[in-house]
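Peer 1: This structure is in structure tokens; I'll ask about it shortly.
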Amino acid sequence: MRRTVQLLARAWSRLPLPVGRAVMVIGYHRVDERTDNMTVRPATFNAQMAWLDEDRASLPVLSIDVVAMHAAAWPHRACVVTIDDAWADVHTHALPILAARHIPATLYVPSGLLGTGEHMTPTQVRECLAAGVSIGAHTRTHADLRRSNDAALESELRGCREDLEDLVGVPVTSLAYPFGHLDSRVRTAAHAAGYATALTTRRGWARPGGDPLRVPRNIIEDFEMPAFRAAVHGGLNILQAAEAMRGNP
Ligand SMILES: [Zn+2]
């Protein structure tokens, strides 16, 4: 499947790019020596970040805050790097690469899971911030928010933001919906809880005038460089229709 995806991405990316301003938000989960579709190997991650770093003149790498800016302030093109779940392997393998290349990534942290299982400790999250990585919220317990009652929704959204702000001492204004799942009630609650941006896992370009609380994003796998370059130029958007039919929001 992965090879098919890579070939599709390369083919689709040869089609014309969007007219006008557009930002590609890419997402990672784990960076480790494993082979599954949630993990990118450290050498692959290094190669991908090196390419983004070296191509900055034509494709700036910006913070997620760009998608909340007024349309007139958007760049023509940009890439945004995000990492979900705060796995400890990201602290071990990805953080040194991001710091060395000054890539302005955002780490989306499930505040109630820190220090459990293979997640980072609270100290490791603070070290990410100190190394230049922004901290975003990923709820307290990584809940499917569509199934949370109103009290739980408040705890998962506002509670996570407050947990993280207490931990790192700076405002937390961006959210990634766990599993990418949301509906209009969840989106309204995210707005009420104080988030300026919120990320889905629905593929596509972020465009001026789009909803900053339903930002499209392309999850990156352990791709070879041609497929990664294609993905950053919209090549994975071809999968959007098929995933929408399977119920991926
Ligand atoms: Zn997650």
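Peer 1: Within the set of pairs 6 or more residues apart or between chains, which connect a residue that is farther than 15 Å from G169 by Cβ inside the stretch 129-151 to a residue that is at pLDDT below 95 with Cβ atoms less than 8 Å apart?
Peer 2: none
Peer 1: Restricting to the stretch 9-33, and then to whatever is under 20 Å from the mean Cα position of the chain (by Cα) and in a loop (DSSP other than H, G, I, E, B), can you tell me which residue is modelled with the lowest pLDDT?
Peer 2: R21
Peer 1: Residues that are within 16 Å of the ligand (Cβ to nearest atom), at pLDDT 95 or above and out of contact with any strand residue (DSSP E or B) (no Cβ under 6 Å at 6 or more places or on another chain): list the helices (runs of 4 or more DSSP H) wholly contained in the stretch 161-249 that include at least 1 such residues.
Peer 2: Helices (runs of 4 or more DSSP H) meeting the threshold: 184-192.
Peer 1: Any idea which residue in the stretch 34-84 is modelled with the lowest pLDDT, counting only those that are among the charged types (D, E, K, R) and within 13 Å of the chain's Cα centre (by Cα)?
Peer 2: Per the criteria, the residue is D65.
The values are calculated or read from the model by the stated rules, or taken from the named source; none is laboratory data. Nothing here was measured: the structure is a model prediction, and the numbers come from that model. Glycine gets a Cβ as well: all are built from the backbone with ideal geometry, and neighbour counts include every protein chain shown.
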